[in-house]
Amino acid sequence: MFPLKDAEMGAFTFFASALPHDVCGSNGLPLTPNSIKILGRFQILKTITHPRLCQYVDISRGKHERLVVVAEHCEQSLEDLLRERKPVRYPSYLAPEVIAQGIFKTSDHVPSEKPLPSGPKSDVWSLGIILFELCVGRKLFQSLDISERLKFLLTLDCVDDTIIVLAEEHGCLDIIKELPENVTHLLKKCLTFHPSKRPTPDELMQDKVFSEVSPLYTPFTKPASLFSSSLRCADLTLPEDISQLCKDINSDYLAERSIEEVYYLWCLAGGDLEKELMNKEIIRSKPPICTLPNFLFEDGESFGQGRDRSSLLDDTTVTLSLCQLRNRLKDVGGEAFYPLLEDDQSNLPHSNSNNELSAAATLPLIIRERDTEYQLNRIILFDRLLKAYPYKKNQIWKEARVDIPPLMRGLTWAALLGVEGAIHAKYDAIDKDTPIPTDRQIEVDIPRCHQYDELLSSPEGHAKFRRVLKAWVVSHPDLVYWQGLDSLCAPFLYLNFNNEALAYACMSAFIPKYLYNFFLKDNSHVIQEYLTVFSQMIAFHDPELSNHLNEIGFIPDLYAIPWFLTMFTHVFPLHKIFHLWDTLLLGNSSFPFCIGVAILQQLRDRLLANGFNECILLFSDLPEIDIERCVRESINLFCWTPKSATYRQHAQPPKSASDSSGVRSSTPYFSTECPDPPKTDLSRESIPLNDLKSEVSPRISAEDLIDLCELTVTGHFKTPTKKTKSSKPKLLVVDIRNSEDFIRGHISGSINIPFITAFTAEGELTQGPYTAMLQSFRGKVIVIVGHVAKHTAEFAAHLVKMKYPRICILDGGINKIKPTGLLTVPSPQI
């Protein structure tokens with residue numbers, strides 16, 4: 001959108017026609033209210049941008065089918081130029097073919113396929129009437145009532161020269177005769193009665209009049225979109241007078257921001273559309289008792305009340321005052337509107353209220369999202385960073401760790417997912433019209449997908465859903481449509497409602513990263529492996545809960561498949577998904593496991609107190625989940641989880657350096673290492689699914705063990721070591737081999753608890769020299785090391801039974817460590 005500049009924002013309201021309450025569609029569901037239909041169709045108007053057109057900004061739906069439209073508003077109009085004060089009489093500008101059609105109403109509440117005559121050529125007629133009025137300096141048809149005007153316009157079919165007849169009717173023939181010949185010729189073209197003979201706008205632009213005028217105006221070229229193959233900086237030019245770049249201290253910086261941003265901030269600052277309209281008496285209310293009908297039939301039809309005058313169309317536009325917003329931002333300095341991208345403190349620009357802004361950054365997310373000044377700074381910063389995408393990709397990641405401003409969420413998600421290239425050309429090339437077998441299932445799923453949202457429940461939303469989902473299915477022939485894909489599509493479509501190509505591109509980038517091979521025709525092996533790893537994560541972080549759920553047989557297969565197949569979009573409303581995914585997109589493919597564990601921990605007390613049947617009922621209608629707490633705890637769980645603990649054989653293979661397309665890879669949210677390190681001899685090995693299911697605790701790789709123990713590796717296994725600020729060990733290594741093997745060589749700092757004598761017959765830990773040390777490490781990562789996989793798995797399972805958290809097994813056992821030269825031998829006693 002263009003900057004606000006000298007324009008203002010205006011609002012006007014109207015009512016959509018109400019539908020009968022007792023009428024349902026062919027699917028048995030209530031018909032979509034007309035206001036929702038209008039709301040969906042309106043969205044495309046927001047994409048029409050031109051310097052000489054007023055920009056539509058927003059539409060909101062109120063009670064009783066009321067709609068309020070917000071648009072760029074200019075106080076001066078053509079009427080002002082004509083020095084008259086009457087509203088525009090719309091029927092006077094209608095083309096004859098539109099008038100002849102009359103008011104078309106569908107019967108039996110069934111949508112009609114009848115084509116409408118209104119179109120570009122009708123607009124050419126309207127343009128001709130406007131030009132005629134400007135030329136003669138008066139309004140047409142003022143002496144006639146509406147019906148007489150319409151009849152007069154239809155009789156123009158019988159005349160030879162429309163221009164002469166109109167001039168004679170309004171007593172301005174002398175003025176018309178004095179017009180230049182090329183202007184008269186243009187008017188005749190525009191006011192050609194038959195649409196078949198009337199020129200189209202493109203043909204009209206070839207007229208000599210426009211060729212003479214057009215050089216006086218700089219042609220408008222729509223800027224290249226963020227995600228396209230076009231060069232966004234190809235047409236940039238500096239002003240001839242560089243000094244104009246330096247703005248005065250009292251400059252109106254807010255007017256330089258886009259209309260969309262100003263309106264968003266206006267709402268945050270307390271702007272209320274209905275209140276503004278009520279103050280101007282556009283919306284009038286009366287006591288509810290006065291609205292009761294005198295008679296009411298059982299079918300809902302009422303009698304005895306006259307039509308409320310306030311429900312009639314009033315095309316008055318109310319100017320929205322920006323005083324409250326400007327007052328809210330009065331302490332924001334000019335430097336806040338032009339942050340330095342290379343400055344480490346760029347997210348907190350200096351201003352008179354900088355201390356307040358810094359304090360706001362520590363507040364809960366929901367409060368930050370409602371703070372006008374804070375959102376202004378975040379929006380401006382993200383706007384500049386996104387304009388420099390992909391070159392500022394790493395900085396976008398850095399700032400997204402703080403938070404993502406809701407207004408910039410759609411583009412920011414696309415940047416975090418690495419969307420690039422000519423996405424519109426790719427999307428347009430996909431056949432979305434030819435029938436395919438999954439069409440029926442898509443049609444069934446869409447009316448059930450997040451239909452509480454007005455935008456997604458509109459017919460336009462359904463059509464966009466259909467196209468994006470079908471595009472994904474057609475463009476991924478090796479995958480199939482599974483129920484839940486519609487829920488996965490919903491957040492992307494909502495955020496990019498007017499950009500289907502970007503919604504499709506985001507979904508296409510999201511699925512391989514987090515749901516790799518989940519949509520295979522036979523995905524049972526992928527799902528089973530995923531759920532097994534999730535079970536191990538529950539045992540790793542909350543052994544008490546894991547023990548209870550296993551005892552009552554409440555396994556993840558019964559509740560977690562919809563969670564992960566839809567990445568929680570099937571169980572949470574959109575506003576919660578936005579906050580959840582803001583963090584999810586910063587983590588790698590294992591982060592969803594931590595989200596799942598965090599959800600269970602919020603329900604922990606109720607789960608521990610109930611049996612199988614009660615747990616089933618609990619999850620059939622999931623209780624309210626605190627998403628901010630869920631995100632916070634998920635991050636903590638992720639930080640405690642060794643990277644290889646969530647290894648999956650069927651996860652997306654790591655990308656090689658050659659796949660990065662010249663763009664630097666971004667680090668994940670919670671780690672300073674690469675998200676997908678290349679596989680080495682010390683990495684985890686794949687094991688059969690049945691073996692994986694038999695192990696309660698997760699395995700970790702030798703690579704992770706070396707990293708966590710901060711050991712130095714020799715030879716070709718050398719990996720970087722990290723310096724720590726604290727000398728406290730991060731984990732405890734428990735070697736369960738017999739003492740003789742332990743003495744021959746063991747990992748430095750490990751303790752020896754032989755498996756054969758470790759536990760009593762009752763399953764308790766045998767008291768020994770290292771029992772106290774094991775107890776002291778409760779809550780930290782404990783790695784079980786041995787040379788028999790079955791023994792290490794059983795030892796770990798015993799500790800989990802004893803409610804020891806963060807228990808894991810070294811993949812490959814001690815044999816994986818031997819070639820590294822890291823095993824130490826104790827010095828002989830003298």
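The values are calculated or read from the model by the stated rules, or taken from the named source; none is laboratory data. Keep in mind that what you see is a predicted model, and the values were worked out from it rather than measured. Here Cβ is always computed from backbone atoms with ideal geometry, including for glycine, and neighbour counts include all displayed protein chains. These area figures cover heavy atoms from the full protein model, side chains too; ligands, DNA and RNA do not enter into them. Shrake-Rupley method; radii C 1.70, N 1.55, O 1.52, S 1.80 Å.
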Checklist line | Filtered residue count, segment 12-57, keeping only those that are under 18 Å from residue 274 (Cα atoms) and open to solvent by 40 Å² or more (accessible area, probe 1.4 Å) | finding: 4
Next item on the list: Name, by its number, the condition in (1) within 19 Å of residue 10 (Cα to Cα); (2) open to solvent by 60 Å² or more (accessible area, probe 1.4 Å); (3) at pLDDT 90 or above that does not hold for residue 276.
Entry: (2)
Next item on the list: Quickly run through segment 420-453 and pick out the residues that are of a type in the set (Gly, Ala, Ser) and either in a helix (DSSP H, G or I) or in contact with a Lys or Arg (Cβ under 8 Å, 6 or more places away or on another chain) (or both).
Entry: 425
Item checked: Selection within segment 249-278 - part of a loop (DSSP other than H, G, I, E, B) and closer than 20 Å to residue 334 by Cα -> 249, 250, 251, 252, 257, 269
Next item on the list: Write out, first by first residue and then by second, each pair whose Cβ atoms fall under 6 Å of each other, whose residues are 6+ apart or on separate chains, and whose first residue, in segment 2-14, is more than 19 Å from residue 66 (Cα to Cα) while the second is open to solvent by 10 Å² or more (accessible area, probe 1.4 Å) and among the hydrophobic types (A, V, I, L, M, F, W, C).
Entry: 7/74
Next item on the list: Give me a count of the residues in segment 4-56 that are under 17 Å from residue 259 (Cα atoms), part of a loop (DSSP other than H, G, I, E, B) and either of a type in the set (A, V, I, L, M, F, W, C) or out of contact with any strand residue (DSSP E or B) (no Cβ under 9 Å at 6 or more places or on another chain) (or both).
Entry: 11
Note to self: The conditions are (1) touching a residue at least 60 places away in the same chain (Cβ under 8 Å); (2) buried (at least 18 other Cβ atoms within 10 Å of the Cβ); (3) under 20 Å from residue 572 (Cα atoms), and residue 423 fails exactly one of them. Which is it?
What the structure shows: (3)
Note to self: Only one of 310, 285 is modelled with pLDDT under 85, out of contact with any strand residue (DSSP E or B) (no Cβ under 8 Å at 6 or more places or on another chain) and surrounded by 13 or more Cβ atoms within 10 Å (Cβ to Cβ). Can you tell me which?
What the structure shows: 310
Item checked: Yes/no for residue 510 being aromatic (Phe, Trp, Tyr) and outside the structural domain of residue 463 (by the TED database) -> no
Notebook entry, point to check: In this structure, does residue 402 turn out to be within 26 Å of residue 261 (Cα to Cα), of a type in the set (A, V, I, L, M) and surrounded by fewer than 21 Cβ atoms within 10 Å (Cβ to Cβ)?
Noted result: yes
Notebook entry, point to check: Taking the stated definitions as given, is residue 391 within 17 Å of the chain's Cα centre (by Cα), open to solvent by 40 Å² or more (accessible area, probe 1.4 Å) and modelled with pLDDT under 95?
Noted result: no
Checklist line | Scan of segment 443-495 for residues that are farther than 23 Å from residue 518 by Cβ, hydrophobic (A, V, I, L, M, F, W, C) and without any contact (Cβ under 8 Å) to a residue 12 or more places away in the chain, ordered by number | finding: 463
Next item on the list: Restricting attention to segment 717-741, report how many residues are in a loop (DSSP other than H, G, I, E, B), modelled with pLDDT of 75 or more and of a type in the set (D, E, K, R).
Entry: 2
Check: Would segment 582-598 turn up any residue that is in a helix (DSSP H, G or I), touching a residue at least 24 places away in the same chain (Cβ under 8 Å), out of contact with any Asp or Glu (no Cβ under 6 Å at 6 or more places or on another chain) and open to solvent by 10 Å² or more (accessible area, probe 1.4 Å)?
Finding: yes
Check: Of all the helices (runs of 4 or more DSSP H) wholly in segment 148-200, which have at least 3 residues that are over 13 Å from residue 128 (Cβ atoms)?
Finding: 162-169, 173-177
Check: Is it the case that segment 316-330 has a residue that's modelled with pLDDT under 85 and assigned to a loop (DSSP other than H, G, I, E, B)?
Finding: no
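Yes/no matrix, rows are residues, columns are (1) within 45 Å of the chain's Cα centre (by Cα); (2) part of a loop (DSSP other than H, G, I, E, B); (3) of a type outside the set (Phe, Trp, Tyr); (4) at pLDDT 95 or above:
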residue	(1), (2), (3), (4)
743	no, no, yes, no
749	no, yes, yes, no
755	no, yes, no, no
769	no, yes, yes, no
775	no, no, yes, no
787	no, yes, yes, no
809	yes, no, yes, yes
819	no, no, yes, no
826	no, yes, yes, no
Checklist line | All positions within segment 369-380 that are under 13 Å from residue 407 (Cβ atoms) and either among the small types (Gly, Ala, Ser) or not in a loop (DSSP other than H, G, I, E, B) (or both) | finding: 372, 374, 375, 376, 377, 378, 379, 380
Notebook entry, point to check: Going by the structure shown, is residue 385 under 17 Å from the mean Cα position of the chain (by Cα) and either closer than 26 Å to residue 588 by Cβ or in contact (Cβ under 8 Å) with a residue 40 or more places away in the chain (or both)?
Noted result: no
Notebook entry, point to check: If the Cβ limit is 8 Å and pairs must be 6+ apart or interchain, which residue in segment 138-157 that is more than 23 Å from residue 195 (Cβ to Cβ) pairs with which residue that is modelled with pLDDT of 80 or more and in a helix (DSSP H, G or I)?
Noted result: 139/133; 144/152
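For every residue, the table says whether it meets (1) modelled with pLDDT of 70 or more; (2) within 27 Å of the chain's Cα centre (by Cα); (3) of a type in the set (Ser, Thr, Tyr); (4) not in a loop (DSSP other than H, G, I, E, B).
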position	(1), (2), (3), (4)
669	no, yes, yes, no
672	no, yes, yes, no
676	no, yes, no, no
679	yes, no, no, no
684	yes, no, no, no
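Matching residues to (1) in contact with a strand residue (DSSP E or B) (Cβ under 6 Å, 6 or more places away or on another chain); (2) over 21 Å from residue 702 (Cα atoms):
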{"site": "752", "(1), (2)": "yes, no"}
{"site": "762", "(1), (2)": "no, yes"}
{"site": "767", "(1), (2)": "no, yes"}
{"site": "781", "(1), (2)": "yes, no"}
{"site": "788", "(1), (2)": "no, no"}
{"site": "794", "(1), (2)": "no, no"}
{"site": "798", "(1), (2)": "yes, yes"}
{"site": "806", "(1), (2)": "yes, no"}
{"site": "812", "(1), (2)": "no, no"}
Notebook entry, point to check: From the set of residues in segment 449-479 that are among the hydroxyl-bearing types (Ser, Thr, Tyr) and open to solvent by 20 Å² or more (accessible area, probe 1.4 Å), which is nearest to the chain's Cα centre (by Cα)?
Noted result: 452
Checklist line | Residue check, residue 363 modelled with pLDDT of 75 or more, open to solvent by 30 Å² or more (accessible area, probe 1.4 Å), touching a helix residue (DSSP H, G or I) at 6+ places or on another chain (Cβ under 9 Å) and not in a helix (DSSP H, G or I) | finding: yes
Checklist line | Residue list for segment 480-492, restricted to those being open to solvent by 40 Å² or more (accessible area, probe 1.4 Å) and within 23 Å of residue 411 (Cα to Cα) | finding: none
Check: Can you pull out the residues in segment 381-398 that are closer than 14 Å to residue 340 by Cα and in a loop (DSSP other than H, G, I, E, B)?
Finding: 388, 392
